[in-house]
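Worksheet: the structure to be examined is printed underneath.
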Amino acid sequence: MPDYNTDKTDDHQTANNRPDTGPDLQRTNERPFVVAPDTDLHKIVVVGGGAGGLELVTKLGDKLGRKGKAHVTLIERSRTHIWKPLLHEIAAGSMDVARHELSYLAQAHWHGFQYRYGEMIGLDREKRLVHCAATFDEEGREITPPRSFPYDTLVIAIGSVSNDFSTPGVQEHAIMLDTPEQAERFNRRLVNACLRANTHPDPIEPGQLHVTIIGAGATGTELSAELHRTARGVVAFGLDKVDPERDIKITLIDAAHRILPGLPERLSEATAKILEDLGVEILTNARVTKVTEKGVTLEAGQFIPSALVVWAAGVKGPNVLARLDGLETSSANTLVVEDTLQTTRDDDVFAFGDCCYLVPEGQTQPIPPRAQAAHQQASLLFTQIKRRLSGQPLKPFVYRDFGSLVSLGDYSTVGNLMGFVQGRSMWVEGLFAKIMYRSLYKMHLKALHGVSKVGMDTLARSITRQTEPKVKLH
C-alpha cells in the first residue's frame, strides 16, 4: 500500500476544548472510580481512535468481541473520527467534515466493541488501570466524571501533535493542523479574512490575505496547493474587491534544503516545480524565529507580512506519554517499543503509529510516521493479540515501504510506488497517481465498513457533489 505523507498519520485524540496537556489526578483532587466490565473475559483496551487505532479496534470487535472471546474497549476523547490525512482539505475548505466524519458510538455498536468518551491522563501499571479525566461541554458542565478502566492488554495509539520547538508566538498567532477543529478554525479565519478585505472601505493591506505555511512536509505542501485553488474559489463567489493574483499570496517555508525532505528528491523537485508554477513562494534553508499577529520573522532577519499562519513543522508525542507510570520515551516524547510493538518496560502495554518509536534491527533510523506504517502495525497487532490470548509467541514487526504520493489538489498528483520489482520504484503522476492517492482513503474506509458500504457511499457522494459548492463558505 503506498503512502503519501510523512507527518500526518494517526489523528491523535481531539481535545475537548482544552489543550493537549489535560489535567492530572493530583491537580483535580478527584479520585476516579473504576469502570469494570461485568465479565471475566480478557480485557483489551485501545486508547486513541485514529486511523490505525480505529482499524484495530474494529477488527478486534468483529473477530473477538462479537464472538465472546474478549472484551474490547476504545477510549477516545473525540466523538467522531476523521482520517487525519484529510485535514489539509478541511483547512482549505475543499471538504465538508460532516460528510466524512464517523461516530465512534455508532461504529462501536456496529462492530462489537465499547466506546468510552474520555482523555487518558495517566496509567497505573501495577493495577492495570488507564486513568481518564472528566469531560466538559462548551458551557463548562461536566459530561463524564474522572474514571479508570481496567485492562489485561493495553494498546496506545494516540498519534502525534505538532512540535513548535518553543518558537515565540506560535501558540498565540499560528494554527496547527492536528485536529479537525483546528482545520475548521483555519478555514473560518481564511473565509473571514476574504470577507473583511472585500467589505472594508480601506485598501487591502500587505499581508492581509497572505498565508504563510511553516513546514514543507506532506501537510504543508499539500495545503499550499489546495489553498491556491480554494482561496480563488471563495473570491469567485462575488468578492469583487479582491484580486487573487495581486492580493492573495502563499508562502511555504522549511528549514531543510528542499521541500518534502523525508521523501525522494525527484518527488520533491517535481512538487516544487508545480507549486512555483502556481505562484507559491518557496523558502528553504529558512528557520522561523518568531510569529506575530502581523507575520513571521526568519533567522536571517527577513519579515514576511502574513495575517494567516499555519504551523506544520515537526511532530512529537502528546504530553501525556511522559506521564505513563515510567514507560520509556524517546527524545520526541514517543513510546519506545520492541519489535513486537510491546513497550520496553511492560509487556502488557503495546504502542503503534505516530506515538511509538521503533528502530528496526540493523538500522539506525526509526520507522517513519507514515500512514502505511500505522496500517501495517494495526494489522500485525490484531495477530499479536490473538496469539497472546492463545499463549503463542509474538512476531516481530517488519516494515515495508510501498512508496509515497503527494496530492496537489486539482493541479496534479505525483509520487513513486515501490514493491512491484524488488529494489525498484515506479514513478507515477497525473490521473493514475490521483486514483492511487484516493484509493488509500478508500482502503481505510474498507477496513472500517467493508466493501459494499464503501461502494454505496462512493456512489452517493459522486451524485451529491454535483449539487454542492466546491468550496466551503461557512
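Of the residues 340, 383, 329, which is surrounded by fewer than 14 Cβ atoms within 10 Å (Cβ to Cβ), without any contact (Cβ under 8 Å) to a residue 60 or more places away in the chain and under 27 Å from residue 155 (Cβ atoms)? Explain how you work it out, then say what you get.
Details: 340 fails: surrounded by fewer than 14 Cβ atoms within 10 Å (Cβ to Cβ); 329 fails: surrounded by fewer than 14 Cβ atoms within 10 Å (Cβ to Cβ).
Going through 340, 383, 329 in turn, just one is surrounded by fewer than 14 Cβ atoms within 10 Å (Cβ to Cβ), without any contact (Cβ under 8 Å) to a residue 60 or more places away in the chain and under 27 Å from residue 155 (Cβ atoms): 383.
Report, by residue number, each residue of segment 212-238 that is among the aromatic types (Phe, Trp, Tyr) and either assigned to a helix (DSSP H, G or I) or in contact with a His (Cβ under 9 Å, 6 or more places away or on another chain) (or both).
Selection gives nothing.
Results for (1) touching a Pro at 6+ places or on another chain (Cβ under 6 Å); (2) assigned by TED's automatic domain parsing to the domain that holds residue 383; (3) over 21 Å from residue 177 (Cα atoms), shown as yes or no for each residue.
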| residue | (1), (2), (3) |
| --- | --- |
| 296 | no, no, no |
| 302 | no, no, yes |
| 321 | no, yes, no |
| 333 | no, yes, no |
| 336 | no, yes, yes |
| 342 | no, yes, yes |
| 346 | no, yes, yes |
| 357 | yes, yes, yes |
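Looking only at segment 95-146, filter to residues that are part of a strand (DSSP E or B) and either polar (S, T, N, Q) or without any contact (Cβ under 8 Å) to a residue 24 or more places away in the chain (or both); which one of those is nearest to residue 233 (Cα to Cα)? Walk me through how you get there before you give the answer.
Kept after step one, since they are part of a strand (DSSP E or B), are these residues of segment 95-146: 102-103, 114-117, 120-124, 129-132, 135-136, 142-144.
Filter once more, keeping what is either polar (S, T, N, Q) or without any contact (Cβ under 8 Å) to a residue 24 or more places away in the chain (or both): 103, 114, 135, 142, 144.
Details: 103: 30, 114: 42, 135: 38, 142: 41, 144: 42 Å.
Once the filter is applied, the top-ranked residue is 103.
Hey, any hits in segment 194-211 for a residue that's surrounded by 22 or more Cβ atoms within 10 Å (Cβ to Cβ), assigned to a strand (DSSP E or B) and in contact (Cβ under 8 Å) with a residue 24 or more places away in the chain?
The answer is yes; a qualifying residue exists.
Condition test on residue 87, is it buried (at least 16 other Cβ atoms within 10 Å of the Cβ), at pLDDT below 95, not in a loop (DSSP other than H, G, I, E, B) and not assigned by TED's automatic domain parsing to the domain that holds residue 235? Spell out how you get there, then give the answer.
On the way: buried (at least 16 other Cβ atoms within 10 Å of the Cβ): yes; at pLDDT below 95: yes; not in a loop (DSSP other than H, G, I, E, B): yes; not assigned by TED's automatic domain parsing to the domain that holds residue 235: yes.
The answer is yes for residue 87.
Can you run down the residue pairs with Cβ atoms below 7 Å, 6 or more apart or on separate chains, where the first is in segment 249-276 and under 18 Å from residue 426 (Cα atoms) and surrounded by 16 or more Cβ atoms within 10 Å (Cβ to Cβ) and the partner is charged (D, E, K, R) and at pLDDT 95 or above?
268/258
Would you mind stating whether residue 230 is of a type in the set (Val, Ile, Thr) and exposed (fewer than 14 other Cβ atoms within 10 Å of the Cβ)?
Details: of a type in the set (Val, Ile, Thr): yes; exposed (fewer than 14 other Cβ atoms within 10 Å of the Cβ): no.
So residue 230 fails the test.
Can you tell me which condition residue 275 does not meet? The list is (1) over 17 Å from residue 412 (Cβ atoms); (2) in contact with a helix residue (DSSP H, G or I) (Cβ under 8 Å, 6 or more places away or on another chain); (3) at pLDDT 90 or above, and all the others hold.
Condition (1) is where residue 275 drops out.
Could you go through segment 180-188 and let me know if any residue there is within 29 Å of residue 323 (Cβ to Cβ) and touching a Ser or Thr at 6+ places or on another chain (Cβ under 8 Å).
Looking for residues that are within 29 Å of residue 323 (Cβ to Cβ) and touching a Ser or Thr at 6+ places or on another chain (Cβ under 8 Å), one finds at least one in segment 180-188, hence yes.
What is the number of the single condition among (1) in contact (Cβ under 8 Å) with a residue 40 or more places away in the chain; (2) assigned to a helix (DSSP H, G or I); (3) surrounded by fewer than 18 Cβ atoms within 10 Å (Cβ to Cβ) that residue 452 does not meet?
Of everything listed in (1) in contact (Cβ under 8 Å) with a residue 40 or more places away in the chain; (2) assigned to a helix (DSSP H, G or I); (3) surrounded by fewer than 18 Cβ atoms within 10 Å (Cβ to Cβ), residue 452 misses just condition (1).
Only one of these conditions is not met by residue 188: (1) part of a loop (DSSP other than H, G, I, E, B); (2) on the phi < 0 side of the Ramachandran plot. Which number is it?
It is condition (1) that residue 188 fails.
Could you tell me whether residue 49 is buried (at least 21 other Cβ atoms within 10 Å of the Cβ), at pLDDT 95 or above, assigned by TED's automatic domain parsing to the domain that holds residue 154 and assigned to a loop (DSSP other than H, G, I, E, B)?
In short, yes.
Among the residues that make up segment 426-441, is at least one of them closer than 20 Å to residue 59 by Cβ and surrounded by 20 or more Cβ atoms within 10 Å (Cβ to Cβ)?
Yes: segment 426-441 contains one or more residues that are closer than 20 Å to residue 59 by Cβ and surrounded by 20 or more Cβ atoms within 10 Å (Cβ to Cβ).
Could you say which residue among 307, 286 is in contact with a helix residue (DSSP H, G or I) (Cβ under 7 Å, 6 or more places away or on another chain) and either free of Cβ contacts under 8 Å to residues at least 12 places away in the same chain or not basic (Lys, Arg) (or both)? Before you say what the answer is, go through the steps one by one.
Details: 286 fails: in contact with a helix residue (DSSP H, G or I) (Cβ under 7 Å, 6 or more places away or on another chain).
Only one candidate passes the filter, namely 307.
Kindly establish whether residue 72 is outside the structural domain of residue 224 (by TED's automatic domain parsing), modelled with pLDDT of 95 or more, over 20 Å from the mean Cα position of the chain (by Cα) and not acidic (Asp, Glu).
Values: outside the structural domain of residue 224 (by TED's automatic domain parsing): yes; modelled with pLDDT of 95 or more: yes; over 20 Å from the mean Cα position of the chain (by Cα): yes; not acidic (Asp, Glu): yes.
Against the criterion (outside the structural domain of residue 224 (by TED's automatic domain parsing), modelled with pLDDT of 95 or more, over 20 Å from the mean Cα position of the chain (by Cα) and not acidic (Asp, Glu)), residue 72 qualifies.
Residues of segment 147-169 being touching a Ser or Thr at 6+ places or on another chain (Cβ under 9 Å) and surrounded by fewer than 21 Cβ atoms within 10 Å (Cβ to Cβ), which ones?
Once the filter is applied, which keeps residues that are touching a Ser or Thr at 6+ places or on another chain (Cβ under 9 Å) and surrounded by fewer than 21 Cβ atoms within 10 Å (Cβ to Cβ), segment 147-169 yields 167, 168, 169.
The values are calculated or read from the model by the stated rules, or taken from the named source; none is laboratory data. On a predicted model such as this, the values are computed, not experimentally measured, just so you know. Please note: Cβ atoms are built from the backbone with ideal geometry, for glycine as well, and neighbour counts cover all protein chains shown.
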